[in-house]
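Take a look at the structure below.
The values are calculated or read from the model by the stated rules, or taken from the named source; none is laboratory data. It should be emphasised that the depicted structure is a prediction, and the values quoted were computed from it without experimental measurement. As a convention, Cβ positions derive from the backbone with ideal geometry for all residues, glycine included, and neighbour counts pool all protein chains shown. Note: areas computed on protein heavy atoms with side chains; ligands, DNA, RNA excluded. Shrake-Rupley method; radii C 1.70, N 1.55, O 1.52, S 1.80 Å.
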Amino acid sequence: MSVVATSATRAAARPLAAGEATGLLVYRNYLAYRRAWYIFASGFLEPVFYLFSIGVGVGSLVTGFEFNGEQIPYAEFVAPGMLAASAMNGSVLDSTFNFFFKLKYNKLFDQMLATPLTTMDIARGELTWSLLRGGIYSAGFLVVMVAMGLVSSWWAVLAVPASLLIGLGFGALGMALTTYMRSWQDFEWVTLALMPLFLFSATFFPIDALPAVARWVVEVTPLYRGVVLCRELTTGTVSWASLVSVVYLVVMGVVGLLIARRRLDKLLLP
């Protein structure tokens, strides 16, 4: 009898494949959120309101801007910026505030490590969930853009994968930085960082409007790279800048994920 029990225990405690572990964590988050669908609705509606108030409202007073040699209406200029910001906000919300609560307060990750899950499984699973959340926001917003006639190229079908790349970069970096947070007050720094990114990453006006030094700083920030990628895809004016943005966001995501895993090792493992 004891041999059977030992064999069953070993079978149940086998290491999980990466995809299997990620699927389990995503399913766990789905179960936790399935009765709170309105939270997803609120995250989707915020950029839509911005689009109507600024892109359409202010757009009636602005003729438009030149982008990559083409003149585009103001609403068409702003919409991809809102798309990129939507992906950023969706992934950051889960990878910072929610991640911190699971890590520090309800000790969810400690419980997970009592199973065959590893810290890399946790980091990968949480990042995947934040990507799904950001992807849902972005897909819904892209549908609104199409309905409003703010998409002028078939390249726009790649805008959702591009949004997932933005979520990858911000989600991984958000998790890594959250492992250094000591209390909820530290999240004031998150808000302080996101606001200038949102306002000055060529979201509402061309980057050429900024002074040269400020322009160089903005060009190396992650949301600007995401805005460039989404704007080039939705307007069909794809250039080498999109490739630079893809490489930038992938590297940012991989580095952030590795840092998050190492920090979880230090915080959770004896």
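Here the helices (runs of 4 or more DSSP H) wholly within segment 151-270 that include at least 2 residues being at pLDDT 90 or above, open to solvent by 60 Å² or more (accessible area, probe 1.4 Å) and under 20 Å from LEU93 (Cα atoms) are 159-178, 240-268. Tally up the residues in segment 112-131 that are surrounded by fewer than 22 Cβ atoms within 10 Å (Cβ to Cβ), in contact with a helix residue (DSSP H, G or I) (Cβ under 8 Å, 6 or more places away or on another chain) and of a type in the set (Val, Ile, Thr), please. Summing the residues that are surrounded by fewer than 22 Cβ atoms within 10 Å (Cβ to Cβ), in contact with a helix residue (DSSP H, G or I) (Cβ under 8 Å, 6 or more places away or on another chain) and of a type in the set (Val, Ile, Thr) in segment 112-131 gives 3. Picking from residues in segment 203-243 that are over 18 Å from the mean Cα position of the chain (by Cα) and small (Gly, Ala, Ser), the one that is nearest to ILE54 (Cα to Cα) is ALA209.
A Cβ distance below 6 Å, combined with a sequence gap of six or more or placement on separate chains, defines the contacts here; from segment 114-135, residues that are touching a residue at least 40 places away in the same chain (Cβ under 8 Å) reach residues that are of a type in the set (Lys, Arg) in the pairs THR119/ARG261; MET120/ARG261; ALA123/ARG261.
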